[in-house]
Amino acid sequence: MSSYDEEFADHFGIDNIPFGIASSTWHDSLQAVTRYDNTVIFLAELSITGVPQNVFLQSSLNSFAALGRAIHSLVRSQIQQLIREEKIPGHAKEHVTNVCMALPVVIGDFTDFSCSPTHNRNAGQALMGQARGLPPGYLHMPLGYAGRCSSISVSGTPIHRPRGLYFEHGIEGLQGKRTQVTCGPSRDLDYELEMGVIIGKPVPYGDFLSAKQASQHIFGFILINDWSARDIQQLEMIPVGPLNSKHGATTISAWVISPDALESFKVDRRHIERGQLAPHLLDPKNKVISVDVQTSVISGDISQRHKSVMCTTNVREMDWTFEQIIAHQSSSGCGMRSGDLLGIGTISGPGTHESGCMLEEFVPGSTPRRHYIADNEEVQLVGKCGPGVGFGQCLAKVTPSKDKSAWP
């Protein structure tokens with residue numbers, strides 16, 4: 001695990017108690033863990049009631065997630081009590097730098113939505129040269145596309161620069177001035193600052209949820225960096241949307257933060273102008289989670305580390321809630337399985353340096369602070385709600401494109 005993770009001890013107080021999957025020298029198989037301060041606690045070593053035998057010895061949290069919110073809350077409260085009473089046995093504890101974190105769940109389906117009005121306006125103008133505005137469906141439903149699970153990796157895992165086809169001369173090709181297409185490593189690799197929700201209790205095929213029901217099917221929340229090759233995206237996304245430009249890599253944070261930990265950080269949603277909603281999207285609580293999120297680009301080696309903060313904003317800037325994206329995904333009757341991941345989309349606010357991706361700095365007439373992400377740079381996402389409750393980091397380093405011999 002990255003030594004940077006030590007920096008986030010204050011994200012993991014007694015009011016957090018996240019869930020993850022890890023191994024170590026003393027615990028050589030992947031199994032369920034939680035984190036308190038900089039201590040990782042292996043849950044199978046604890047006396048916890050109300051769960052099936054060996055559920056914490058599995059290499060993913062899927063079976064635990066499927067048990068539902070009431071069980072998750074019961075387990076969380078028992079862990080908190082053991083910590084308060086100082087009854088965590090020594091053999092159950094490891095320092096965070098001595099463990100290897102893995103993907104917390106086996107993800108069978110990944111849907112990425114686009115719920116920020118600011119991002120929708122800026123991205124369309126920057127990428128496609130379109131007039132500034134919202135897509136026609138945006139005011140009626142959360143818009144999304146199907147992602148690819150094979151390229152999802154946990155924080156700390158390097159990613160390879162994706163390869164693909166793109167216009168040699170950028171956006172002019174779409175305007176009919178130049179149409180030369182070339183192939184090779186992406187020149188315009190971008191990050192996307194996102195937050196995601198993981199499904200707990202499954203939804204059978206043919207059934208669907210309302211936004212009012214969705215909270216009972218939430219296992220927890222993570223940070224997502226949905227890497228995007230903007231040059232490849234520019235060529236391929238008309239008329240059916242992005243494909244390889246989004247499928248090269250997705251990085252998620254290691255710790256699943258429970259709804260119970262975030263409950264006290266819910267705030268009233270700002271007024272949003274839209275027409276009458278479909279019944280499944282109505283949410284009388286009208287609450288959103290307030291999470292301060294930040295993106296930084298890190299360059300140089302460990303002895304000369306240079307960190308540039310690119311974006312600071314908040315999840316409350318999104319127009320659609322996690323409950324609404326779950327409800328809308330289920331409304332086709334597709335069913336949802338434990339471990340399924342839904343991203344809420346690039347988190348962008350209207351203020352200066354609130355852009356959740358670099359693409360938004362390339363709106364015509366603006367001056368971007370820098371070019372896209374270079375090889376050997378790291379991108380770090382951080383999210384925090386308040387004292388003792390945060391997400392830690394979502395970190396990945398970009399390595400050069402792999403297997404160049406396979407291309408002309």
Inset, instruction - Restricting attention to strands (runs of 3 or more DSSP E) lying wholly within region 1-48, give those where 3 or more residues are more than 23 Å from the chain's Cα centre (by Cα) and crowded, with 16+ Cβ neighbours inside 10 Å. - result: 39-42
Legend entry - Filter pass, LEU209 being open to solvent by less than 10 Å² (accessible area, probe 1.4 Å) and modelled with pLDDT of 95 or more: no
Inset, instruction - Mind listing whichever residues of region 230-244 are in contact with a helix residue (DSSP H, G or I) (Cβ under 8 Å, 6 or more places away or on another chain) and aliphatic (A, V, I, L, M)? - result: ILE232, LEU235, MET237, ILE238, LEU243
Inset, instruction - Have a look at ILE298, ILE224, ILE272 and point out the one that is open to solvent by 10 Å² or more (accessible area, probe 1.4 Å) and in contact (Cβ under 8 Å) with a residue 12 or more places away in the chain. - result: ILE272
Inset, instruction - Just one of (1) in contact (Cβ under 8 Å) with a residue 40 or more places away in the chain; (2) assigned to a helix (DSSP H, G or I) trips up SER59, so point out which. - result: (2)
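Let's see how each residue does on (1) small (Gly, Ala, Ser); (2) within 24 Å of the chain's Cα centre (by Cα); (3) open to solvent by less than 40 Å² (accessible area, probe 1.4 Å); (4) under 24 Å from PRO259 (Cα atoms):
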| site | (1), (2), (3), (4) |
| --- | --- |
| GLN81 | no, no, no, yes |
| GLU94 | no, no, yes, no |
| THR97 | no, yes, no, no |
| THR111 | no, yes, yes, yes |
| ASN120 | no, yes, yes, no |
| GLY124 | yes, yes, yes, no |
| LEU134 | no, yes, no, no |
| GLY144 | yes, yes, no, yes |
Legend entry - Boolean, GLN78 is more than 30 Å from PRO242 (Cβ to Cβ) and modelled with pLDDT under 95: no
Legend entry - Hits in region 300-326 - residues which are within 16 Å of PHE219 (Cα to Cα) and in contact with an Asp or Glu (Cβ under 8 Å, 6 or more places away or on another chain): THR321, GLU323, GLN324
Legend entry - Answer residue from region 280-298, given it is over 16 Å from ILE325 (Cβ atoms) and not in a strand (DSSP E or B) and is nearest to the chain's Cα centre (by Cα) among those: SER290
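The values are calculated or read from the model by the stated rules, or taken from the named source; none is laboratory data. These figures come from a predicted structure and were not determined experimentally. Methodologically, a virtual Cβ is constructed for each residue, glycine included, from the backbone with ideal geometry; neighbour enumeration extends over all protein chains shown. When the accessible area is computed, the model is the full protein with side chains, heavy atoms only, and any ligands, DNA or RNA have been set aside. Shrake-Rupley method; radii C 1.70, N 1.55, O 1.52, S 1.80 Å.
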